[in-house]
1. For segment 60-95, which positions are in a loop (DSSP other than H, G, I, E, B) and without any contact (Cβ under 8 Å) to a residue 40 or more places away in the chain?
2. Over 26 Å from Lys46 (Cα atoms) and at pLDDT below 95 - does that describe any residue in segment 140-151?
3. Looking at Ser121, Ser143, can you tell me which residue is free of Cβ contacts under 8 Å to residues at least 12 places away in the same chain and either in a loop (DSSP other than H, G, I, E, B) or over 16 Å from the mean Cα position of the chain (by Cα) (or both)?
Amino acid sequence: MSHSLFPARDEPTDNPLIAADIARGVMRLFGDLGYAALQEFPLRVKRRADIVALNEAGEIVIVEIKSCRADFRADQKWPEYLDFCDRFFFAVAPSFPQAILPAECGLIVADRHGGAILRESAATPLNGNRRRAQILQIALTASQRLARATEMLG
């Protein structure tokens, strides 16, 4: 039995470079839409959202990046994120098999240059206490990251 070192063209493997390119495009997209976004945002359920974004109205969006079919199939934690956002999206590369993603979730297609929302997410507004806690956590996380970056610069 022979094994190829390279995956079939239509079945890419979980690749951190693909995920990084998708993240970059999503961050650019949300910036253009007026959101402030953070990558690798810690949630209170001991999980990390790939991207969290916040707009002036206080709407919170979580984006889960999927780099390939296997990445999506192996991940069963994404439903836990729904309690921490008003809208939830999957973000994938243009070659991703979009039909396998749940229809009730939003869909973003992105590459390193930008992204587009192909399917809007249904809005499920957070209750006031959860929203306040999330906004405070986003602000603290952003402030701490800025302080660390500033310290590293000297």
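The values are calculated or read from the model by the stated rules, or taken from the named source; none is laboratory data. It should be emphasised that the depicted structure is a prediction, and the values quoted were computed from it without experimental measurement. Cβ coordinates were reconstructed from backbone atoms using ideal geometry, including for glycine residues, and neighbour counts include every protein chain displayed.
1. So the first thing to find is which residues in segment 60-95 are in a loop (DSSP other than H, G, I, E, B), and the list is 67-68, 75-77, 85-86, 93-95.
Hits for segment 60-95 are Asp75, Gln76, Lys77, Pro94.
2. The answer is yes, given that some residue of segment 140-151 is over 26 Å from Lys46 (Cα atoms) and at pLDDT below 95.
3. Values: Ser121 fails: free of Cβ contacts under 8 Å to residues at least 12 places away in the same chain.
None of the others qualify; the one that does is Ser143.
Per-residue answers, yes or no, for (1) farther than 19 Å from Ala20 by Cβ; (2) surrounded by 13 or more Cβ atoms within 10 Å (Cβ to Cβ); (3) more than 17 Å from the chain's Cα centre (by Cα):
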| position | (1), (2), (3) |
| --- | --- |
| Leu82 | yes, yes, no |
| Arg87 | yes, yes, no |
| Val109 | no, yes, no |
| Gly115 | no, yes, no |
| Glu151 | yes, no, yes |
